[in-house]
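Reviewing the structure listed below.
The values are calculated or read from the model by the stated rules, or taken from the named source; none is laboratory data. Just so you know, these numbers come straight off a predicted model, no measurement behind them. Cβ: placed from backbone, ideal geometry, glycine included. Neighbour counts: every protein chain shown.
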Amino acid sequence: MTHANAPLTPTGRLRMVHRHLHDGIPQAHVAAEFRVSRPTVATWVARYRAQGEAGLQDLPSRPHRSPAQLDPVLVAQIHALRRERKWSARRIHHHLVSEGHRVCLRTVGRWLHRLGISRLRDLTPAGEDLRRQPARRITARGPGHMVHLDVKKIGRIPEGGGWRAHGRDSENARAAKRGPGRRVGYTYLHSAIDGYTRLAYTEALEDERAATTVSFYCRARAFFAAHGITVDRVITDNGNNYRAADFTAKVVSLGGRHHRIRPYTPRHNGKVERYNRLMVDEVIYARPYTSEQARREALAVWVNHYNYHRPHTSCGDAPPTSLAPARVNNVMPSYT
């Protein structure tokens, strides 16, 4: 393989050969001109005479003969056992040894890697993992059937703007870290989204304690009720605020059911996770802000835009409120 600064690429070798064969310059002079040895010039001239321009290309450094290489018949058998029976390298090795073939386990594993079928997902056209159970989609049957809750933790913006506004090495960014009590802390974005209509409710709060989450849920439930949505099931992850007995008791007392997703499986709460990603991309980090209050005001405008104006693919390119049972009259205009 020719490195980036090689003096002789295939094009350079062709020019060097032409200097000798077409221009009639002696090989020693050509070698001095291209700053290579005379035997190097002779080698490329001989290969050009024998093979043409194809002889000037790089050749693999592997030996011409490999007498100890595995028999192609055994390679084909390894490939067939892997494809047809989905056997592991260890089981294929045991099968070949039981038939009297002398092959080691490491050789079988290397050949599976060379053939591109060392992993189970390599055996399927779509690349899915054969060990994984078929995905069961979590689909809401109607408005309020599943309301997903989550908390997004983001760094608070100091007054005057943070490093995104002034640069990571700026004096403002360094000053925000100096002295006691200068840590600005975090903002916790509590979000609730209806799995059927994709209608969302978001608040920027100071913490994610259970009491704060309970209060947020009550306000979110009132927001959905104003749009004609009655919350039936509440889907959350396994955060401490959602595992608290007070939160579950509040959900049940208001006529709902609380379901927590499987641990370490955020895709089961994917609707609100995707909403968090949209929120981050379109408003939270979309532009620099000079204060935390400015970002919170922009967030409120964006949530209004998301619910009442922004097209959503799952709603037929209409805003989420198009699927809500009730309409509201005091809708803010979109300023995004």
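List every residue pair whose Cβ atoms lie under 6 Å apart, where the two residues are 6 or more positions apart in sequence or sit on different chains, the first residue falls within the range 258-281 and is over 13 Å from N238 (Cα atoms), and the second residue, located anywhere, is part of a helix (DSSP H, G or I).
Pairs found: E273/P266.
Check the range 146-159 and report whether any residue there is assigned to a loop (DSSP other than H, G, I, E, B), loosely packed, with under 15 Cβ neighbours inside 10 Å and at pLDDT below 95. Working first, answer last.
Of the range 146-159, the ones assigned to a loop (DSSP other than H, G, I, E, B) are 146, 156-159.
Then keep just the ones that are loosely packed, with under 15 Cβ neighbours inside 10 Å; that gives 159.
Now drop any that are not at pLDDT below 95, which leaves 159.
The answer is yes, given that some residue of the range 146-159 is assigned to a loop (DSSP other than H, G, I, E, B), loosely packed, with under 15 Cβ neighbours inside 10 Å and at pLDDT below 95.
Name the pairs whose Cβ atoms lie under 6 Å apart, with the first residue in the range 293-305 and not assigned by TED's automatic domain parsing to the domain that holds I157, the second assigned to a helix (DSSP H, G or I) and surrounded by 17 or more Cβ atoms within 10 Å (Cβ to Cβ), and 6 or more positions between them or separate chains?
Partner pairs satisfying both residue conditions: none exist.
Within the range 87-97, identify whether any single residue is closer than 30 Å to P10 by Cβ, loosely packed, with under 15 Cβ neighbours inside 10 Å and over 34 Å from the mean Cα position of the chain (by Cα), and answer yes or no.
Step one: list which residues in the range 87-97 are closer than 30 Å to P10 by Cβ, which gives none.
No, because not a single residue in the range 87-97 is closer than 30 Å to P10 by Cβ, loosely packed, with under 15 Cβ neighbours inside 10 Å and over 34 Å from the mean Cα position of the chain (by Cα).
Does A220 meet the test of being modelled with pLDDT of 95 or more and closer than 20 Å to P319 by Cα? Break it down into steps so the answer makes sense when it comes.
Details: modelled with pLDDT of 95 or more: yes; closer than 20 Å to P319 by Cα: yes.
Here the answer is yes, as A220 does meet what is asked.
Would a scan of the range 213-225 turn up a residue that is over 16 Å from S191 (Cβ atoms) and not hydroxyl-bearing (S, T, Y)? I'd like the intermediate steps shown before the answer.
To start, the set of residues in the range 213-225 that are over 16 Å from S191 (Cβ atoms) comprises 225.
Filter again for not hydroxyl-bearing (S, T, Y), leaving 225.
Yes, the conditions are met somewhere in the range 213-225.
In the range 286-299, what count of residues is obtained for those that are more than 28 Å from the chain's Cα centre (by Cα) and in a helix (DSSP H, G or I)? Let's see the steps before the verdict.
Taking the range 286-299 as the starting set, the residues that turn out to be more than 28 Å from the chain's Cα centre (by Cα) are 290-294, 297.
Among the residues that remain, those that are also in a helix (DSSP H, G or I) are: 292-294, 297.
Total satisfying the criteria: 4.
Hey, could you check the range 11-26 for residues that are closer than 11 Å to V45 by Cβ and charged (D, E, K, R) and say which is surrounded by the fewest Cβ atoms within 10 Å (Cβ to Cβ)?
Taking the candidates together, the pick is R19.
Look through the range 1-26, keep the residues that are touching a residue at least 40 places away in the same chain (Cβ under 8 Å) and in a helix (DSSP H, G or I), and return whichever of them is nearest to the chain's Cα centre (by Cα). Give the derivation first.
Filtering the range 1-26 for residues touching a residue at least 40 places away in the same chain (Cβ under 8 Å) gives 1-2, 10, 13-14.
When the remaining residues are screened for being in a helix (DSSP H, G or I), the result is 10, 13-14.
Values: P10: 39, R13: 44, L14: 45 Å.
Looking at residues that are touching a residue at least 40 places away in the same chain (Cβ under 8 Å) and in a helix (DSSP H, G or I), I get P10.
Filter the range 205-222 for residues that are crowded, with 19+ Cβ neighbours inside 10 Å and closer than 21 Å to N307 by Cβ and give the result.
Residues satisfying the conditions are F216, Y217, A220, R221.
Would you point out the residue of the range 98-125, among those that are within 34 Å of the chain's Cα centre (by Cα) and β-branched (V, I, T), that is surrounded by the most Cβ atoms within 10 Å (Cβ to Cβ)?
V108
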